[in-house]
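Undergrad: One structure, pasted below without further comment.
The values are calculated or read from the model by the stated rules, or taken from the named source; none is laboratory data. Note that the structure is a prediction, hence the values are computed from the model and not measured. Note: ideal-geometry Cβ built from the backbone for every residue, glycine included; neighbour counts use all protein chains shown. Surface areas here come from the heavy atoms of the whole protein model, side chains and all, with no ligands, DNA or RNA. Shrake-Rupley method; radii C 1.70, N 1.55, O 1.52, S 1.80 Å.
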Amino acid sequence: MTTARPSGFAGTPVTGQEWTQRYGDAVMNTFGTPPRVLARGEGSSVWDVDGNRYLDLLGGIAVNALGHGHPAVVEAVTRQLTTLGHVSNLFISQPQVLLAERLLGLLGHDGRVFFANSGAEANEAAFKATRRTGRGRVVATEGSFHGRTMGALALTSKAAYREPFEPLPGGVSFVPYGDEVALAAAVDETVAAVIIEPIQGEAGVVDPPADYLRAARRITREHGTLLWLDEIQTGMGRTGDWFGHTASGVVPDLVTLAKGLGGGVPIGAMIGLGEAATLLGPGQHGTTFGGNPVSAAAALAVIDTIEGDGLLDHVRETGERLAAGLRSHPLVDHVSGRGLLRGVVLHRDVAAEVTSAAFDAGLLVNAPAPNRLRLAPPLVLTSDEADDAVATLRRLFDEVSG
Ligand SMILES: *Cc1c(COP(=O)(O)O)cnc(C)c1O
């Protein structure tokens with residue numbers, strides 16, 4: 001769909017093609033060349049500089065929890081920035097305290113929160129905390145993604161991401177994801193922590209067996225090992241619960257959050273529950289921007305809105321509506337994930353083809369694996385928007401099948 005709207009700034013017509021050329025000449029080539037130049041967003045829609053509208057089923061990779069330009073986030077950030085924007089951690093700010101209390105309340109346990117600015121940084125903080133146990137080993141899972149900084153990368157299994165940057169921090173080993181027997185065999189008294197994503201996001205929304213987190217809790221507890229849940233993608237309402245592990249009933253020792261937490265404003269958090277709350281002490285970790293009042297205010301607005309608008313129920317319903325509409329198509333093997341974090345697993349390796357056809361049809365999705373599409377739309381996606389998305393995807397599935 002095209003809407004008449006001037007592209008570029010101050011009436012200067014600059015096309016997507018020209019911006020793409022300039023991007024290539026000025027921005028470091030770590031992401032390849034992105035396929036579209038986006039100019040603005042509203043709710044679950046974004047528009048490119050050429051005026052084309054897209055239904056955003058990716059939400060900035062599970063980040064824009066309340067969609068684009070949500071008034072609650074805009075108001076909270078504006079008010080905070082005009083009141084007190086940044087102070088560093090040499091001083092206390094009120095939003096940081098309020099947010100820490102709020103997150104502990106959502107987790108339902110005593111603990112302490114360390115604020116960072118991204119997922120990788122939250123994981124770096126937790127990785128450092130594990131080293132303070134006096135044990136030097138961490139067990140991670142195959143297919144895991146925990147970020148791109150050196151420590152987070154050491155926990156990430158993908159060889160293509162790791163190998164060009166070795167040597168990475170040591171002591172990390174990998175076991176097959178979802179395999180309780182392999183996990184039990186890998187954990188002993190030398191292992192400080194086991195890090196697990198409740199659903200593997202970057203691997204393509206891969207679900208573990210239903211009792212995996214409970215098994216991991218039992219195994220880690222037997223050996224005095226920390227259970228560290230990376231909820232960076234699965235947390236903050238994405239699955240229809242506050243956290244990906246909520247339904248399992250387990251109480252982890254470490255939880256890392258980012259992505260949806262700030263509703264689009266960068267923020268990460270590392271939370272230590274129980275005894276893990278005091279693993280890091282004065283002088284042992286730090287960050288200039290972490291927990292700044294503006295990001296904390298955005299996160300508080302996100303939490304208030306999820307709660308106040310009953311979005312957890314909405315996420316469950318809308319997620320089921322999307323999944324039900326897609327899983328009956330013959331090209332679809334199954335739909336993984338929960339709530340509004342979904343993998344559409346195809347019988348054929350056509351996910352890249354579908355993704356690029358979807359862009360042309362005005363729908364943003366991505367292909368984390370050759371046979372998998374990932375859907376992680378704003379939690380505010382309406383049922384009409386979900387139905388539109390299903391209709392478009394089913395038509396594209398027909399086209400690549402035919
Ligand atoms: C995205 C992601 C990260 C890394 O977060 P960044 O903000 O990109 O550093 C870590 N873990 C999981 C599970 C993620 O999905």
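Undergrad: Looking at this structure, is residue 237 out of contact with any strand residue (DSSP E or B) (no Cβ under 8 Å at 6 or more places or on another chain), open to solvent by 40 Å² or more (accessible area, probe 1.4 Å) and either more than 13 Å from the ligand (Cβ to nearest atom) or among the basic types (Lys, Arg) (or both)?
TA: For residue 237, the condition - out of contact with any strand residue (DSSP E or B) (no Cβ under 8 Å at 6 or more places or on another chain), open to solvent by 40 Å² or more (accessible area, probe 1.4 Å) and either more than 13 Å from the ligand (Cβ to nearest atom) or among the basic types (Lys, Arg) (or both) - is not met.
Undergrad: Residues that are more than 16 Å from the chain's Cα centre (by Cα) and within 16 Å of the ligand (Cβ to nearest atom): which strands (runs of 3 or more DSSP E) entirely in the stretch 100-208 hold 3 or more of them?
TA: Passing ranges, in order: 137-141.
Undergrad: Suppose we filter 160, 182, 186 for residues that are of a type in the set (A, V, I, L, M), open to solvent by 60 Å² or more (accessible area, probe 1.4 Å) and more than 22 Å from residue 270 (Cβ to Cβ); which single one remains?
TA: 160
Undergrad: While we're looking at this one, here's another question. Determine, yes or no, whether residue 163 is in contact with a Phe, Trp or Tyr (Cβ under 7 Å, 6 or more places away or on another chain), free of Cβ contacts under 8 Å to residues at least 60 places away in the same chain and among the charged types (D, E, K, R).
TA: So residue 163 does not fit the description; no.
Undergrad: A further question on this structure: How many of the residues making up the stretch 189-215 are buried (at least 21 other Cβ atoms within 10 Å of the Cβ) and more than 19 Å from residue 238 (Cα to Cα)?
TA: Final tally of qualifying residues: 5.
Undergrad: While we're on this one: Identify all residues within the stretch 343-383 that are among the acidic types (Asp, Glu) and over 19 Å from residue 47 (Cβ atoms); write none if there are none.
TA: Correct list: 349, 353.
Undergrad: Can you confirm whether residue 22 is over 28 Å from residue 338 (Cα atoms), touching a residue at least 24 places away in the same chain (Cβ under 8 Å) and open to solvent by 30 Å² or more (accessible area, probe 1.4 Å)?
TA: Taking the combined requirement at face value, the residue does not satisfy it.
Undergrad: Evaluate the stretch 271-294: report whether one residue or more is open to solvent by less than 40 Å² (accessible area, probe 1.4 Å), outside any helix (DSSP H, G or I) and under 22 Å from residue 338 (Cβ atoms).
TA: Yes.
Undergrad: Moving to a separate point now. Restricted to the stretch 248-260, and to residues that are touching a residue at least 60 places away in the same chain (Cβ under 8 Å) and assigned to a helix (DSSP H, G or I), which residue is least open to solvent (accessible area, probe 1.4 Å)?
TA: 260
Undergrad: Continuing with the same structure: For the structure I just gave you, tell me whether residue 231 is open to solvent by 10 Å² or more (accessible area, probe 1.4 Å), among the acidic types (Asp, Glu) and at pLDDT 95 or above.
TA: no
Undergrad: Could you check the stretch 150-164 and list, in sequence order, the residues that are farther than 16 Å from residue 197 by Cβ and in contact with an Asp or Glu (Cβ under 6 Å, 6 or more places away or on another chain)?
TA: Scanning the stretch 150-164 gives a single hit, 151.
Undergrad: Here are the criteria: (1) out of contact with any Gly (no Cβ under 7 Å at 6 or more places or on another chain); (2) within 30 Å of residue 105 (Cα to Cα); (3) aliphatic (A, V, I, L, M). Tell me which single one residue 331 does not satisfy.
TA: For residue 331, the failing item is (2).
Matching residues to (1) more than 22 Å from residue 187 (Cβ to Cβ); (2) modelled with pLDDT under 95; (3) among the aromatic types (Phe, Trp, Tyr); (4) open to solvent by less than 30 Å² (accessible area, probe 1.4 Å):
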| residue | (1), (2), (3), (4) |
| --- | --- |
| 121 | yes, no, no, no |
| 124 | yes, no, no, no |
| 133 | no, no, no, no |
| 136 | no, no, no, no |
| 140 | no, no, no, yes |
| 145 | no, no, yes, no |
| 148 | yes, no, no, no |
| 154 | no, no, no, yes |
| 165 | yes, no, yes, no |
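Undergrad: Oh, and also: Determine whether residue 61 is open to solvent by 60 Å² or more (accessible area, probe 1.4 Å) and within 16 Å of the ligand (Cβ to nearest atom).
TA: Answer is yes for this residue.
Undergrad: Residue 107 passes all but one of (1) closer than 30 Å to residue 321 by Cβ; (2) outside the structural domain of residue 279 (by TED's automatic domain parsing); (3) out of contact with any strand residue (DSSP E or B) (no Cβ under 6 Å at 6 or more places or on another chain); which number fails?
TA: Of everything listed in (1) closer than 30 Å to residue 321 by Cβ; (2) outside the structural domain of residue 279 (by TED's automatic domain parsing); (3) out of contact with any strand residue (DSSP E or B) (no Cβ under 6 Å at 6 or more places or on another chain), residue 107 misses just condition (2).
Undergrad: Here's something else I'd like to know. Looking only at helices (runs of 4 or more DSSP H) that lie completely in the stretch 299-402, which have at least 2 residues being within 18 Å of the chain's Cα centre (by Cα)?
TA: 311-327
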